[in-house]
Structures are given as structure tokens and as C-alpha cells.
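Have a look at the structure below, then the notes.
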Amino acid sequence: MTAFQTTGDVVSWGRVTRGLHRVARPAWPEQVAALAAEAGATPGKGLAIGLSRSYGDSGLNPGGALIGMAGLDRVHAFDTATGILCADAGLSLGALIGLALPRGFFPPVVPGTRFVTLGGAVANDIHGKNHHGAGTFGRHVTRLGLRRTDGSFHELVPSDPLFGATVGGLGLTGVIEWVELRLTPVQGAWLDAEDVPFGDLDGFFDIAAASEGFAHTVAWIDCTQGGASLGRGLFSRGNWRADPDRTVHSAKRTPALPLDAPSFALNALTLKAFNSTRYALKSQRAGMWRTHYAPFFFPLDAIGGWNRLYGARGFYQYQCVLPPPAARDGVRALLQQIARSGQGSFLAVLKTFGPLPSPGMLSFPREGATLALDFANKGDDTLGLLARLDAVVREGGGRLYPAKDGRISAAMFENGYPNLSSFRRHLDPGLSSGFWKRVQS
Amino acid sequence: MTTPCRVIILGATSAIAQATARFYAGEGAHLLLAGRNTQHLHTVAADLTGRGASAVEVEVLDLGAPTDASAQLAVMAARLGGVDDILLAYGVLGDQTQAERDVALARDLLAVNFTSAAQWCLAAANLLEDQRRGSLVVIGSVAGDRGRQSNFIYGAAKAGLGTLVQGIAHRLALRNSGARAVLIKPGFVDTPMTGHLPKGGPLWASADAVGAIVRKAADAGGPVIYAPFFWRFILLIIRVIPAPIFHKRPL
Ligand SMILES: Cc1cc2nc3c(=O)[nH]c(=O)nc-3n(C[C@H](O)[C@H](O)[C@H](O)COP(=O)(O)OP(=O)(O)OC[C@H]3O[C@@H](n4cnc5c(N)ncnc54)[C@H](O)[C@@H]3O)c2cc1C
Ligand SMILES: NC(=O)c1ccc[n+]([C@@H]2O[C@H](COP(=O)([O-])OP(=O)(O)OC[C@H]3O[C@@H](n4cnc5c(N)ncnc54)[C@H](OP(=O)(O)O)[C@@H]3O)[C@@H](O)[C@H]2O)c1
């Protein structure tokens, strides 16, 4: 009897790609080896997944098998003297915070949601608001346990080439069984934060340069504005506070949207109204305030299933990074294209990445400016706009984030990732993904 | 600091038991994990230690076998230096269709889910009554509320267990013993026990959600707690549907 069940239920966060998968969800670590071998031996191949918070098709394998790792979430060891934690790859960062914060530790890097697993964090070598000081997630990983579909098991340390392939390796080098990482000591659950409005794109770069003293920075851009207000927005920055209160985030959320919202819920008009109000409201709050880490790092987690606001057709996210020489002009060109299209996004995020090298051969972060935006899926209109954005990114020598992508061409991918040929040597031949099948030329 | 809560968990490798144990671990409890799979017990023990349990003991035994449960429990309690809560979580769903035809299999199912569980519950009741404090928390099932063709052998064992625990709760209360007993009746829970069933929809709860209810039940409430609460109303309806109508449905 196989532990895999066929289902059409697995979708990624963007909800665009639909397909049938054979899915297995192991409950005990020793089940992984057999599942990997079984998946790897089938024509559609296999892929390990976490909490499916990737937007596109890099965490999907339509027609193939998926090994859902989120049920494997046990701690192996946690040394509260050093902050070194070893746990199953399915442990979520939210659960990690729940067990580590009361003892004075926090994940070294967190993305914009706490619903990601250690395995997903490694496989996309995720970045957070602290990239300029801390680098990517993978920089804090000290050891990895990797199971290949041929049954072999590899305990990897950062100097191993297979480690460099696995960090940022999109799940294609094997199933990550466990992750050991170094957590960051914190006093408590609170940060000092402030929001600084800026009127245009130059304003953003000025504030970013002047924010060296802040561990966490990110900016929100009002994409509906063109002309002189192009790139206006709010710069948000903060530092951990020496505050002894260690209250963990509440697990309560507003109930998830049970249905896809009707498509008119997010038309250009509501978008403009939303963006303008948000700008007006936020820019009135001046100075520093004390904030809990949950609204600071994970503002959207309070709304269960917000991705369904984009309707049944789903949405694309577009995230690129442009190296320093091209950053300013490139981001301006991207924002111009978006403002002109009227397909402005619900959320637009701009941040500078620092110079710390990323450990993965396919890690997305590199020094420069990264812009991330959502686009409701309107078919060819949307794909046409995204292709125009691709041209700008390519021109500037930038690249796109596979965790967010569901449509780029093989050429666009190859262009952005010069280490691709070294990476290919470490592929597990029994693994694949929708993304990977698409970018094979 | 107060002394950590001391808890014996019978069937500690169950998904619901693990979820419950994580709440105890977060409070710094001292845990004893009883079960039959040595490797799994140690995996769970490491997890609970990593989550803050002050200490975790492992006791390997087949809980379904007849044994001197009072003596066994006394040994476990001694390993913890005394006990505050006893959780009984193990059980097997079994294959109803097969068990209908193979009476020996049915007998085994009843033996594990009722007979063996009853010996532990009775022994626990005596222990808690004698020490005049502590809680016995037992996982039953909504399947025990009305016999249904799809799972009535398992259901019958859970019904019997439920009646037993209710009776123990009555006895402990009446004698002002200071000890309590609580029966938890989960509905559909996403765990390995239901791994073969299609999941999703509002009726399915996570082991974590049920674990939170179990942990609270050890401190207060009862004697019968549905998990989540809405199953109380669903079962109320299911119990009152007249047989002529009920018998037309393949529930
Ligand atoms: C609201 C929101 C905000 C976000 N903000 C950020 C951000 O600020 N920065 C950022 O970098 N990302 C961000 N992301 C993206 C998210 O962090 C990544 O997509 C992350 O990888 C998702 O983790 P997951 O556990 O859901 O993995 P999945 O999406 O399920 O899988 C992601 C990849 O990891 C692989 N994988 C997962 N588990 C394993 C395993 N055990 N072994 C091998 N491979 C595995 C999969 O094959 C896939 O390639 C955000 C996403 C959302 C929804
Ligand atoms: N899941 C549901 O939908 C649901 C609904 C209502 C009630 N329940 C009840 O909830 C309880 C927990 O089940 P679960 O959902 O958490 O399922 P589970 O993860 O499958 O747990 C069942 C556990 O019982 C253990 N067990 C069975 N026989 C044993 C024996 N003879 N000796 C020692 N351990 C034994 C199993 O150990 P091994 O791994 O060694 O086999 C396993 O750890 C059970 O009593 C079940 O009847 C579950």
C-alpha cells in the first residue's frame, strides 16, 4: 500500500497553478526515506514541500508526487546557552518563536509571515527586514540532514558543496530532514519602530542610506502614483528593545476567508483608495513607538487566507533584485511601467539588500534593491506587463525570486543565476517541480 | 518557582498526546511517556525537552496487555517523585469491515480500546483518590455516542470507556476526594489514525487544537468535554434521529 494519495487540493500561495498531485504526509522521521525513494522512482518525480507559502510553482509538482513535511516538526535539541537549535525541517518559524522566545531567542531571519517551515526557509534561502546586517537565513544554518531519493543520507556543513546547492536549492537536491541553526538572542518580544514618509524614490534611497543604525528596514511604496509622486511611500525601521516582556504572538487570527472573493473586490478603484488612505494615516504617526514583533514582522498573518482576496484566478507576485548601479533607475522604470498599467498592487515592498554574500548557489539575495509586488491574475494583460518588467530587470543585470515566480522563461532564469551549471551537478535525479520543469531549456 | 507539574502519559506517541504534552512542556512540566515504540518515545522525549519540559522519562510497555496496572502506575509515579495528572490517550481505530467478519480481531480491538484502558483508569482512580488530588484525563470518542455501521466496534469500546470514566468522575466527586476524572470526546482529528481518510472542511480539527482542549481539561471542566465543543450539538442531533430515518443513512 502506498502512503501517497491523489488530490487536486494542493495550491501555492498565489493560487494560479492547479494540478493533481500524489501527496504523502509523514508523521515520523524514519518514513521519509521510503517516501523519497517511492516518489523518486515515478515518472512525475517527487518534491518535498513545507507550508506552501511560496507563491508560484516552485513548491508544486503537478503530475508528480509531493512529500508534505509540515507534520515533522519535532525539536531534536535546543541549547539555551548557545542558542543552537536542531529540529525537523517541518517546524514552522511561528512554532520556533513560541518555544524559543520564552527562553530569550528569536529566529535569525524571518520573512513577512511566520507560516513557513525551516525546510522552506532553507530551500529558498529566505531574507528578512534585517538582510543588510544579518544576510540570508542560510548564513545561520550550521548543519543540515539531507535525504536523497537513492536512499543516501548526507549530514552537511557549510563547507560542503552539497550544502551550497541545497541552501536556496528549491528542494531539488534532496529532502531536507532536519536543520540546525544559530538563533539570535533577544531580550523580549518588543521593538522600537518608526515610519518615515518619503515623497519620491530618491527619498527612499536617502533614508535607506541614513538607516545604518536600524537592524530592520523595509519600505512600502504607493504604486498607484506616477509623475512627481512616483515612488512615494513610507519607510519603516526598527530595533529590538531591551524589554523583558516575552509575550508570544497569539495563535488567534480572523477566520480565514472561506471562499475566493469576487474579482471586483480588488479593482483599480479600491486599490487606489486603499493605498491613499494607508499613506495618509501612516504618515501622521511621527516618532518612535513600541511595537510587538508580530505586527512588525508579520502584519498580514492577522488576516487568515488574505490571498483569497485576489479571487478565484489567483495572483502573481513579482520580486526582483537590481544590483547597486542599476537600482535607482531600474526601480524607477519598473514603477513607471506599473503606474502606467493601472495594475498597481495591493502591496508593494522595497528594500535594500546589503553586501553580505548568500551561501547558496541559487540564493536570490544579492547586494542591491529588491522590489516585490502582487498582481491579480488578469491573464494576458498581466503576463504582458510582467514581461515588460522582466525586460527592465534583465537590462539592469538583476534577477527574479523563484519563491515568488510562476511564469518566467528558461532564458530569464539562466540570465539571473550564473551558478546554475554548478548547481545542476548536485540535482537529485528523482526530484522536480513545476518551476524546474518550466525553466529547463 | 512552584514545583513543575508531574504528568504520566499513557500512549505518549499518539498525535493528540504529543500535542497535549507540548503544552505541558512549555510550562516546564516533568513528564513520563509510556508507550510501546521505543524509538518514537525517544523522538518525542527529545522534542518535549527542547520545548522546555524540565525532565522527560520514558517507559516502554504494551499498554494493551493485561498487567498489574496499579503496581505499574505506582512505579511510574515514583519515577516522577509523585504525579499530578494522568492522561490516557492510546487507542486503535481498526478495520470495521474486517472486524465484523473476524470476531477474534473484534475481540482484540475491544480488548485494547476498552478492557486494557479500563484497567489503567481504575488503577489511576485509586491512586488519585488515595493521594486526594490530581486529574485523570481520558480520550474517548464521539464514535461512542451512537452505534453506526461504519465503526461500531471501536465505538462500543469508546462508549464503554466513556461510561467507566463518567462513573469514576462521579465517585471522585461524591467522596470529595480532591481528585477528578474527565472524558474528552474528539470528533474528526487530523492524525495518523485518520491518515487514510480525505481531510479538509470545517469538521476537521488539528491535533494541536484538540491538545489545547485536553490540557485545559486537566485543570478544570468536565466531566465530559467534546473537542471541539460543537460536536456536542452534532451528537445531540445524531442521538435523537429516530431509528427508521437513521437506518436509511450509511453514516
Ligand atoms: C505573506 C508572505 C510574506 C513573505 N515574505 C517573504 C520575505 O520577506 N522574504 C522571503 O525570502 N520570502 C518571503 N515569503 C516567501 C516564503 O518565505 C518562502 O516561499 C518560503 O520558502 C515558504 O516556506 P514554506 O515552508 O511554505 O515552503 P513551500 O512554499 O512549501 O516550499 C518552498 C520551497 O522549499 C522546498 N522545501 C520545503 N520544505 C523542504 C524540505 N523539507 N526539503 C527540501 N525542500 C523543501 C520546496 O520544494 C520549495 O522549493 C513570503 C511569503 C508570504 C506568503
Ligand atoms: N484521530 C481522530 O479522529 C480521533 C477521534 C476521536 C478519538 N480519537 C482517539 O484519540 C486517541 C489518540 O489517537 P490519535 O488520533 O492521536 O491517533 P494516533 O496518533 O494514531 O495515536 C494512537 C496511539 O495509540 C498507541 N497504541 C495503540 N495501541 C497501543 C498499545 N497496545 N500499547 C501502547 N500504545 C498503543 C499507538 O502507538 P503505536 O504507534 O506504537 O501503534 C499510537 O501512538 C485515541 O484514543 C483515539 O481513539 C481520535
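The values are calculated or read from the model by the stated rules, or taken from the named source; none is laboratory data. Just so it is clear, the structure is predicted and the values come from calculations on it, not from any experiment. So basically every Cβ, Gly included, is an ideal-geometry build from the backbone, and we count neighbours across all protein chains shown.
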Practice item. Provide a single number: the residues in region A:168-211 that are within 16 Å of ligand 1 (Cβ to nearest atom) and within 14 Å of chain B (Cβ to nearest Cβ). Key: 5
Practice item. Please indicate, with yes or no, whether at least one residue in region A:303-315 is within 17 Å of the chain's Cα centre (by Cα), buried (at least 24 other Cβ atoms within 10 Å of the Cβ) and not hydrophobic (A, V, I, L, M, F, W, C). Key: no
Study note, to complete from the structure: Considering residues that are surrounded by 19 or more Cβ atoms within 10 Å (Cβ to Cβ), within 11 Å of chain B (Cβ to nearest Cβ) and assigned to a loop (DSSP other than H, G, I, E, B), the number found within region A:11-38 is 2
Check your understanding: Which of the residues spanning region B:5-41 are more than 11 Å from every other protein chain (Cβ to nearest Cβ) and among the polar types (S, T, N, Q)?
Key -> B:20, B:38
Practice item. Would you mind finding the one in B:175, B:180 that is modelled with pLDDT under 95, of a type in the set (Lys, Arg) and more than 16 Å from ligand 1 (Cβ to nearest atom)? Key: B:175
Review point. Any idea which of B:112, B:92 is within 11 Å of ligand 2 (Cβ to nearest atom), modelled with pLDDT of 95 or more, outside any loop (DSSP other than H, G, I, E, B) and under 14 Å from the mean Cα position of the chain (by Cα)?
Key: B:112
Point to revise | Odd one out for residue B:51, checked against (1) within 15 Å of ligand 2 (Cβ to nearest atom); (2) within 11 Å of chain A (Cβ to nearest Cβ); (3) of a type in the set (Lys, Arg) | key: (1)
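Residue-wise test of (1) assigned to a loop (DSSP other than H, G, I, E, B); (2) more than 12 Å from ligand 1 (Cβ to nearest atom).
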{"site": "A:54", "(1), (2)": "yes, no"}
{"site": "A:59", "(1), (2)": "yes, no"}
{"site": "A:70", "(1), (2)": "yes, no"}
{"site": "A:73", "(1), (2)": "yes, no"}
{"site": "A:77", "(1), (2)": "no, yes"}
{"site": "A:87", "(1), (2)": "no, no"}
**Study point:** helices (runs of 4 or more DSSP H) wholly inside region A:373-441 containing at least 1 residues that are modelled with pLDDT of 95 or more and farther than 19 Å from residue A:55 by Cβ
**Key:** A:380-395, A:410-416, A:420-424
Practice item. Determine, yes or no, whether residue A:42 is surrounded by 18 or more Cβ atoms within 10 Å (Cβ to Cβ) and among the polar types (S, T, N, Q). Key: no
Review point. Counting only residues that are modelled with pLDDT of 95 or more and out of contact with any helix residue (DSSP H, G or I) (no Cβ under 7 Å at 6 or more places or on another chain), which one in region B:1-21 is farthest from ligand 2 (Cβ to nearest atom)?
Key: B:17
Revision key, fill the gap. Taking region B:194-234 and keeping only residues that are surrounded by fewer than 19 Cβ atoms within 10 Å (Cβ to Cβ) and near ligand 2 (Cβ under 9 Å from one of its atoms), one is left with B:194, B:195, B:197, B:204
Revision key, fill the gap. Picked from region A:194-211 (must be touching a residue at least 60 places away in the same chain (Cβ under 8 Å) and not in a strand (DSSP E or B)), the residue surrounded by the most Cβ atoms within 10 Å (Cβ to Cβ) is A:204
**Study point:** Some residue of region A:86-101 being surrounded by fewer than 22 Cβ atoms within 10 Å (Cβ to Cβ), within 18 Å of the chain's Cα centre (by Cα), away from chain B (no Cβ under 14 Å) and aliphatic (A, V, I, L, M)
**Key:** no
Point to revise | residue B:169 within 14 Å of chain A (Cβ to nearest Cβ), surrounded by 13 or more Cβ atoms within 10 Å (Cβ to Cβ), away from ligand 2 (no atom under 13 Å from the Cβ) and in a helix (DSSP H, G or I) | key: no
Exercise for review: Among the residues of region B:14-72, count how many are among the basic types (Lys, Arg) and farther than 26 Å from residue A:96 by Cα.
Suggested key: 1
**Study point:** Residue that is within 11 Å of ligand 2 (Cβ to nearest atom) and either within 21 Å of residue B:120 (Cα to Cα) or crowded, with 18+ Cβ neighbours inside 10 Å (or both), where the choices are B:40, B:30
**Key:** B:40
